[in-house]
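Below is one structure, written out as structure tokens, with a few remarks after it.
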Amino acid sequence: MPGEDFTLDVNQIIVGKTDVREPASTTFYGNLLNFYFDGERLFDRFPSDIPVDATTPASTPAPDFITPPQPGRPLVPIDPITLPPGFFHYIRIPLIQIGADSRIRFLFKTRDGNGVLLYTSRAGGSFLGVELVDGQLIVVSNGGRGPRYLELPSGSPSLADGQWHELDLTRAGPNRFLVRVDQQEIGRLYYPTVPITDHEQIYIGGVPESLIDHLPSSMRSRKGFSGCMATLIINGHSYNLQTIPSSSTSTSRITSGCSESRYSFYSV
């Protein structure tokens with residue numbers, strides 16, 4: 001058929017006007033949703049809900065604290081996976097830059113109250129870790145000023161209840177992350193940005209076996225997460241957990257879908 005075996009290369013997509021040189025009076029103002037191109041939700045790739053101010057000089061220093069975007073609609077489980085107990089396994093995200101507008105969101109579901117949910121580290125000993133300890137979520141970081149902690153208020157219900165919960169780490173300026181659980185803010189944690197040329201390795205659901213016993217002493221977990229994870233979004237990009245190559249022991253049983261009946265999520 002005509003056009004077969006040809007590709008169309010697109011190097012620019014303009015939304016809201018027909019040409020970037022048009023005056024502001026011709027620009028569309030309003031809400032746009034669900035813009036798809038080549039199967040991708042392009043608006044989901046935007047780093048935040050904060051509009052870009054094109055008139056702000058690039059040399060203007062970023063404020064130490066900004067109002068982060070609102071949580072928006074709760075995530076729904078997409079592309080879930082099951083991480084069973086008793087194995088060393090983790091999802092390794094390709095190197096990314098944790099900049100001043102970064103945001104990390106995902107869902108988890110478990111009945112095991114202990115384990116590493118997220119971990120990343122930098123040269124020199126700086127790190128950011130999220131873990132479950134006795135059913136409570138604890139976020140700990142060291143950005144060069146010693147360990148800092150955030151956790152749910154005392155007496156909060158256990159998150160190891162077999163229900164989906166949403167973790168949201170959103171930049172609130174160049175030096176802090178705002179932490180939300182189930183769209184409720186629990187605080188801000190010091191973890192500064194790094195030069196744009198630096199990138200970090202992010203581990204989801206655990207860390208390599210060679211690293212588990214060498215996690216910072218300020219983190220209590222010495223095993224990975226056991227349960228289900230879904231809907232991973234980092235810096236506006238949605239990752240399909242079912243297709244990201246996972247790293248695990250040769251006898252691991254990470255599977256697509258969330259099946260509590262197939263695996264026990266209780267602590268081992």
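The values are calculated or read from the model by the stated rules, or taken from the named source; none is laboratory data. Here the structure is a predicted model, which means the values were calculated and not measured. All Cβ positions, glycine included, derive from the backbone under ideal geometry; neighbour counts span all protein chains shown.
To keep it simple, each residue is scored yes or no on (1) modelled with pLDDT of 85 or more; (2) closer than 23 Å to residue 126 by Cα.
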{"position": "206", "(1), (2)": "yes, yes"}
{"position": "215", "(1), (2)": "yes, yes"}
{"position": "231", "(1), (2)": "yes, no"}
{"position": "249", "(1), (2)": "no, no"}
{"position": "255", "(1), (2)": "yes, no"}
{"position": "265", "(1), (2)": "no, no"}
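Just the residues that are within 21 Å of residue 164 (Cβ to Cβ) and touching a Pro at 6+ places or on another chain (Cβ under 7 Å), please, taken from segment 75-132.
90, 103, 107, 112
Residues are listed down the side, and each one gets a yes or a no for (1) within 19 Å of residue 96 (Cβ to Cβ); (2) of a type in the set (D, E, K, R); (3) touching a Cys at 6+ places or on another chain (Cβ under 6 Å); (4) not in a loop (DSSP other than H, G, I, E, B):
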position	(1), (2), (3), (4)
170	yes, no, no, yes
174	yes, no, no, no
177	yes, no, no, yes
186	no, no, no, yes
192	yes, no, no, no
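Across segment 212-237, which residue is surrounded by the fewest Cβ atoms within 10 Å (Cβ to Cβ) among those that are without any contact (Cβ under 8 Å) to a residue 60 or more places away in the chain and not small (Gly, Ala, Ser)?
213
For segment 234-244, does any single residue satisfy the condition of being closer than 21 Å to residue 111 by Cα, part of a strand (DSSP E or B) and at pLDDT below 95?
no
Looking at segment 87-100, which of its residues are out of contact with any Gly (no Cβ under 9 Å at 6 or more places or on another chain) and not polar (S, T, N, Q)?
Answer for segment 87-100, where residues must be out of contact with any Gly (no Cβ under 9 Å at 6 or more places or on another chain) and not polar (S, T, N, Q): 92, 93, 94, 95, 96, 98, 99.
Quick check on segment 202-209. Is at least one of its residues in contact (Cβ under 8 Å) with a residue 12 or more places away in the chain, part of a helix (DSSP H, G or I) and either within 19 Å of the chain's Cα centre (by Cα) or within 15 Å of residue 119 (Cα to Cα) (or both)?
yes
Among the residues of segment 67-111, write down those that are assigned to a strand (DSSP E or B), hydroxyl-bearing (Ser, Thr, Tyr) and buried (at least 23 other Cβ atoms within 10 Å of the Cβ).
Selection gives 90 alone.
Go through segment 112-133 and give me each residue that's more than 23 Å from residue 230 (Cβ to Cβ), in contact (Cβ under 8 Å) with a residue 12 or more places away in the chain and surrounded by fewer than 17 Cβ atoms within 10 Å (Cβ to Cβ).
Within segment 112-133, 124, 125 meet the criteria.
Looking only at segment 134-151, how many residues end up being in a loop (DSSP other than H, G, I, E, B) and surrounded by fewer than 19 Cβ atoms within 10 Å (Cβ to Cβ)?
5
Run down 136, 97 and say which single residue is modelled with pLDDT of 90 or more and either over 21 Å from residue 237 (Cα atoms) or touching a His at 6+ places or on another chain (Cβ under 9 Å) (or both).
136
When you check residue 159 against the structure, is it in contact (Cβ under 8 Å) with a residue 12 or more places away in the chain, part of a strand (DSSP E or B) and closer than 27 Å to residue 236 by Cβ, yes or no?
Considered against the rule, which asks whether it is in contact (Cβ under 8 Å) with a residue 12 or more places away in the chain, part of a strand (DSSP E or B) and closer than 27 Å to residue 236 by Cβ, residue 159 comes out as no.
For segment 122-130, does any single residue satisfy the condition of being out of contact with any strand residue (DSSP E or B) (no Cβ under 8 Å at 6 or more places or on another chain) and closer than 15 Å to residue 192 by Cα?
For segment 122-130, residues out of contact with any strand residue (DSSP E or B) (no Cβ under 8 Å at 6 or more places or on another chain) and closer than 15 Å to residue 192 by Cα: present.
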